[in-house]
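Novice: A single structure is presented below for examination.
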Number of protein chains: 2
Amino acid sequence: MPDAETAGAAPDRPDDLMEKVVGLCKRRGFIFQSAEIYGGFRSTYDYGPLGVNLLRNVKNAWWRSMVQLRDDVVGIDAAILGPPAVWQASGHLANFTDPLVDCLSCHQRWREDKIDGVCPACGGTTFTEPRAFNLMFKTHAGPVEDEGAVAYLRPETAQGMFVNFANVLQTTRKKPPFGIAQVGKSFRNEITPQNFVFRTREFEQMEMEFFVPPDEGTRWFEYWLGERFRWYTDLGIPEAQLRLRHHDPDELSHYSAGTADVEFLFPWGWDELEGIANRTDFDLKAHAAASGERLEYFDQASGERYVPHVIEPAAGATRTMMAFLLAAYAEDEVGGEARTVLRLHPRLAPYQVAVLPLSKKDTLEPVAREVLGMLQPWLMCDYDVTQSIGRRYRRQDEVGTPWCVTVDFDTLEDRAVTVRDRDTTDQVRVPIADLVGHLQARFAASEGAEPAPGS
Amino acid sequence: MPDAETAGAAPDRPDDLMEKVVGLCKRRGFIFQSAEIYGGFRSTYDYGPLGVNLLRNVKNAWWRSMVQLRDDVVGIDAAILGPPAVWQASGHLANFTDPLVDCLSCHQRWREDKIDGVCPACGGTTFTEPRAFNLMFKTHAGPVEDEGAVAYLRPETAQGMFVNFANVLQTTRKKPPFGIAQVGKSFRNEITPQNFVFRTREFEQMEMEFFVPPDEGTRWFEYWLGERFRWYTDLGIPEAQLRLRHHDPDELSHYSAGTADVEFLFPWGWDELEGIANRTDFDLKAHAAASGERLEYFDQASGERYVPHVIEPAAGATRTMMAFLLAAYAEDEVGGEARTVLRLHPRLAPYQVAVLPLSKKDTLEPVAREVLGMLQPWLMCDYDVTQSIGRRYRRQDEVGTPWCVTVDFDTLEDRAVTVRDRDTTDQVRVPIADLVGHLQARFAASEGAEPAPGS
């Protein structure tokens, strides 16, 4: 484990890494402030053309690892809006709160644990008694805004898996150990959102509930710690910038038999990307008691009936995207010229390939478009014709494109193109006929995987 | 165009198609009522293990067609929560309303245009004057529930493209004609949600705003009508169950220079999957006026400055998924035995492949798992070991799996497996070493595309 407590102290990281990445995100179209033309909407962000590609790739890499490549996990996509009964049973209505006080001088409202006894607005020192402020967004469904119409925006995706447990069990005929995975938006009315997209009111989660026989909880908890840590390193986050932090016994929820966070070395210090918790049978029992439904597993072979224990790896997609950006950011020199480069894993890069005709002349356009059309079914491609080829390489480096394919005047003769590597800047000449296979093989090599069959 | 006005009259469609598909969705885990263990949450649905795969495939097919395969469209992912200013400018605060009345006898609230003068609850015939009821869900962001904290859940994704127009233009250096695409959840507090997932309070949209020079609006409107109609037929909806319906002049919004709906022949009649509208410069001008920002394009080459016109193809992902299910549903006979089959396009099917060891015996497990592991990186796979092979084929047919791969005792000798086709039920023997390439070639053939290189 590295002993650096701030990212500025991590090797090769510029001191102003955070400002640089935030600036890059805005300048190149990764992340915009939401409703910016109206002065912005506090702590809410829109993902631009590059950001949406990166965010999709993060979520798809998670889904691939957690659902597609396994036969013991299935997915769901539950609704964001839900009735109070769900959040009553889960404990969120009673306990998902912050303590708020009103300043008696200026009547502004603050989080009691953040103001140090003095109103940040007017300096006042007398406040109301703290009141529990629920962090769930509340709305009304139906034509009348009364108590019976109250609905909440989910503050986490996890309850969708618990309330659908019996439906999934019955329709898939899975048996423990098996998991239910979900990727989707959640909402928390955070009083102190902070650190760019790290903590926002609207965010995206990647959560999985893994249901196991009660006596296998500890073993599967350890298994998922290893799997989830490896997911981040496989996708390019250096081990030195990651750690597993086990919660102390006094940090644990009363029902938890163990929790550990995957933490990343953010510029402000170690902070959480994902929590992995052994939640025992708490959630299923709570929903069974509240709903009157049997939420348990009956093994026909053994005649055994039990409430499974749950291991929950719960990651934040948007903050994970931010960690990938921070870890990928680098500044180096190419041919004596400074450049910025995002060393993103090819599976995550917003574009895998840029097709660049050497000149704007019409003679190169048809073959460049032919190459683009060949690659588009297989890889996300950018196409850029403006300014010098050197400028265009820099632009692609800055947004993490692993390979640039240059179409030049020789291409018209030899039906070959130049493939340039983002990290080494090495260039190789590849026949157009072999190009898809060549790039697929390089993509596969970047994950240590087998190339596509035949390529 | 077919003249049948109801789906029951369409060839090969059972009269009770709707009940059968809804029943299949519940029984096999496509769609569950949301919060079902608590009695459900009206008109809100959760997508189960098969439904989430199908819905993801629909959305990914759209994204692939609209963003990945084009270099004139980029994506974004804007926030769901937004400030009133956006909806003031778009006109939704003033006009996105239904007329509601309260019954003076029982005080229940109804949509005036749906009750025919008599209260459905008590038979009362006197009502309050109709009031405009806004269909946007309202909530509060921040610690105080006052007017300054009001936020709305977006009722459509489109405004995210308009308010980000200048940011996207600047960061991508695109020039008209170009588009901005988005897939995501939207919310409408519908008073009369209906027809399963056709009209729900929470739903998913696939929208694109295509910005063009003002004098090219009509041409691009016609272009997108053709492209979007073809998208549905390419993915397997018969032309006889689809039509383009041009809006009459008196149906058009005052700013629209033309609107047409892609309609599907639902069991209750023709209804909308997608609206394609020539919105002229209405939206950009409205946001420019309200925000004070310049939302226009300046062509440096020509010195020309103009507000682009917008062509908007706006589709519903969830209702489109439902149309694919309805169009795919069939009942036929195989070997004298009745079966239900979903003839889903392989790109949409929840699983592309099922791996089925002929017997549960341990001797087949290792090679069956080896085959599964080979296929999982390339295709969504199911793995099923229980009950007879015939029952398992039927189960896969019923959920639309195009290919079943059977591992039998001969496999242990010849290192080959049997690949069964869902639609023809034909079986061919394929060496395991060729299996990935074989299936990739069949997948490509199903779209009339080139096979993967080398396969």
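The values are calculated or read from the model by the stated rules, or taken from the named source; none is laboratory data. Since we're looking at a predicted model, the values are computed, not measured. Here the Cβ is made from the backbone with ideal geometry for all residues, glycine too, and neighbour counts use every protein chain on show. With ligands, DNA and RNA removed, areas are computed over all heavy atoms of the protein, side chains included. Shrake-Rupley method; radii C 1.70, N 1.55, O 1.52, S 1.80 Å.
Novice: Could you tell me whether B:Gln108 is closer than 30 Å to A:Ser43 by Cα, polar (S, T, N, Q) and facing chain A (nearest Cβ under 10 Å)?
Specialist: no
Novice: Need the failing condition index for A:Glu156 against (1) within 14 Å of another protein chain (Cβ to nearest Cβ); (2) closer than 30 Å to B:Ala149 by Cα, just the number.
Specialist: (1)
Residue-wise test of (1) touching a Leu at 6+ places or on another chain (Cβ under 8 Å); (2) assigned to a helix (DSSP H, G or I).
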site	(1), (2)
B:Thr363	yes, no
B:Glu370	no, yes
B:Gly373	no, yes
B:Val405	yes, no
B:Leu412	yes, yes
B:Arg429	no, no
B:Ala433	no, yes
B:Ala445	no, yes
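Novice: Condition (residue is farther than 20 Å from B:Asp71 by Cα, open to solvent by less than 10 Å² (accessible area, probe 1.4 Å), free of Cβ contacts under 8 Å to residues at least 60 places away in the same chain and in a helix (DSSP H, G or I)) applied to segment A:377-400: is it met by at least one residue?
Specialist: No; the residues of segment A:377-400 include none that is farther than 20 Å from B:Asp71 by Cα, open to solvent by less than 10 Å² (accessible area, probe 1.4 Å), free of Cβ contacts under 8 Å to residues at least 60 places away in the same chain and in a helix (DSSP H, G or I).
Novice: Go through the residues of segment A:214-222 one by one and say whether even a single one is exposed (fewer than 15 other Cβ atoms within 10 Å of the Cβ) and β-branched (Val, Ile, Thr).
Specialist: Among the residues of segment A:214-222, at least one is exposed (fewer than 15 other Cβ atoms within 10 Å of the Cβ) and β-branched (Val, Ile, Thr), which makes the answer yes.
Novice: Do we have A:Arg56 as under 28 Å from A:Gln170 (Cα atoms), more than 7 Å from chain B (Cβ to nearest Cβ) and open to solvent by 20 Å² or more (accessible area, probe 1.4 Å) here?
Specialist: Considered against the rule, which asks whether it is under 28 Å from A:Gln170 (Cα atoms), more than 7 Å from chain B (Cβ to nearest Cβ) and open to solvent by 20 Å² or more (accessible area, probe 1.4 Å), A:Arg56 comes out as no.
Novice: In addition: Can you list residue pairs whose Cβ atoms sit under 6 Å apart, with the first residue in segment B:278-295 being of a type in the set (Gly, Ala, Ser) and the second being open to solvent by less than 30 Å² (accessible area, probe 1.4 Å)? Count only pairs 6 or more apart in sequence or on different chains.
Specialist: Taking only residues 6 or more apart or on different chains, the pairs are B:Ala286/B:Ala89; B:Ala288/B:Leu295; B:Ala290/B:Ala89; B:Ser291/A:Ile37.
Novice: On to the next question. Looking at (1) in a helix (DSSP H, G or I); (2) more than 30 Å from A:Val21 (Cβ to Cβ), which one does A:Ser302 not meet, given that it meets all the others?
Specialist: (1)
Novice: Separate question: A:Thr139 versus (1) within 11 Å of chain B (Cβ to nearest Cβ); (2) open to solvent by 10 Å² or more (accessible area, probe 1.4 Å): which is the lone unmet condition?
Specialist: (2)
Novice: Failed condition for A:Asp72, given (1) in contact with a Gly (Cβ under 8 Å, 6 or more places away or on another chain); (2) at the interface with another protein chain (Cβ under 7 Å from one of its Cβ atoms), with all others met?
Specialist: Condition not satisfied by A:Asp72: (2).
Novice: Something else: Scanning for something in a helix (DSSP H, G or I), open to solvent by 10 Å² or more (accessible area, probe 1.4 Å) and within 14 Å of another protein chain (Cβ to nearest Cβ), does segment A:245-262 turn up at least one residue?
Specialist: Looking through segment A:245-262, none of the residues is in a helix (DSSP H, G or I), open to solvent by 10 Å² or more (accessible area, probe 1.4 Å) and within 14 Å of another protein chain (Cβ to nearest Cβ).
Novice: OK, next. Which of the residues belonging to segment A:184-202 are hydrophobic (A, V, I, L, M, F, W, C) and open to solvent by 30 Å² or more (accessible area, probe 1.4 Å)?
Specialist: A:Phe196
Novice: Then there is this: Could you tell me whether any residue of segment A:186-197 is farther than 30 Å from B:Tyr152 by Cα and within 14 Å of chain B (Cβ to nearest Cβ)?
Specialist: Among the residues of segment A:186-197, not one is farther than 30 Å from B:Tyr152 by Cα and within 14 Å of chain B (Cβ to nearest Cβ), which makes the answer no.
Novice: Looking at (1) away from every other protein chain (no Cβ under 11 Å); (2) assigned to a helix (DSSP H, G or I); (3) of a type in the set (A, V, I, L, M); (4) under 27 Å from B:Cys25 (Cα atoms), which is the only condition B:Val419 fails?
Specialist: Just one mismatch for B:Val419, condition (2).
Novice: Also, I was wondering about something else. Could you check segment B:36-49 and list, in sequence order, the residues that are open to solvent by less than 10 Å² (accessible area, probe 1.4 Å) and at pLDDT 95 or above?
Specialist: If the condition is that a residue be open to solvent by less than 10 Å² (accessible area, probe 1.4 Å) and at pLDDT 95 or above, then B:Asp46, B:Gly48, B:Pro49 are the ones that fit.
Novice: For segment B:223-234, what are the residues that are open to solvent by less than 20 Å² (accessible area, probe 1.4 Å) and either under 25 Å from B:Gln159 (Cβ atoms) or not assigned by TED's automatic domain parsing to the domain that holds B:Gln159 (or both)?
Specialist: Of everything in segment B:223-234, those that are open to solvent by less than 20 Å² (accessible area, probe 1.4 Å) and either under 25 Å from B:Gln159 (Cβ atoms) or not assigned by TED's automatic domain parsing to the domain that holds B:Gln159 (or both) turn out to be B:Trp224, B:Leu225, B:Arg228, B:Trp231.
Novice: Testing B:Asp113 on (1) more than 9 Å from chain A (Cβ to nearest Cβ); (2) farther than 22 Å from B:Lys285 by Cα; (3) modelled with pLDDT of 95 or more, one condition comes back false. Which one is that?
Specialist: Looking at each condition in turn, B:Asp113 falls short on (3).
Novice: Take segment A:84-105 and flag every residue that is facing chain B (nearest Cβ under 8 Å) and at pLDDT below 95.
Specialist: Scanning segment A:84-105 gives a single hit, A:Leu100.
Novice: Next question, about the same structure. Yes or no: segment B:263-273 includes at least one residue that is open to solvent by 50 Å² or more (accessible area, probe 1.4 Å) and under 27 Å from B:Tyr223 (Cβ atoms).
Specialist: Checked against the condition, which is being open to solvent by 50 Å² or more (accessible area, probe 1.4 Å) and under 27 Å from B:Tyr223 (Cβ atoms), segment B:263-273 yields at least one hit.
Novice: Write out, first by first residue and then by second, each pair whose Cβ atoms fall under 6 Å of each other, whose residues are 6+ apart or on separate chains, and whose first residue, in segment B:406-417, is open to solvent by 10 Å² or more (accessible area, probe 1.4 Å) while the second is assigned to a loop (DSSP other than H, G, I, E, B).
Specialist: Pairs that qualify, where the first residue is open to solvent by 10 Å² or more (accessible area, probe 1.4 Å) and the partner is assigned to a loop (DSSP other than H, G, I, E, B), are B:Asp408/B:Leu358.
Novice: Taking the options B:Ala290, B:Ala286, B:Ala315, B:Ala301, name whichever one is away from chain A (no Cβ under 14 Å) and either surrounded by fewer than 19 Cβ atoms within 10 Å (Cβ to Cβ) or of a type in the set (Gly, Ala, Ser) (or both).
Specialist: B:Ala315
Novice: Starting from segment B:51-67, take each residue that is closer than 14 Å to B:Tyr232 by Cβ and list its partners that are hydroxyl-bearing (Ser, Thr, Tyr) and part of a helix (DSSP H, G or I), counting only C-beta distances under 7 angstrom and pairs at least six apart or across chains.
Specialist: Sorted first by the residue in segment B:51-67, then by its partner, the pairs are B:Val58/B:Thr320.
Novice: Run A:Pro176 past the list (1) within 11 Å of chain B (Cβ to nearest Cβ); (2) within 33 Å of the chain's Cα centre (by Cα) and report the number of the one that doesn't hold.
Specialist: (1)
Novice: Something else now. Checking A:Ala181 against (1) under 19 Å from A:His92 (Cβ atoms); (2) within 13 Å of chain B (Cβ to nearest Cβ), which single condition isn't satisfied?
Specialist: Status for A:Ala181: all satisfied but (1).
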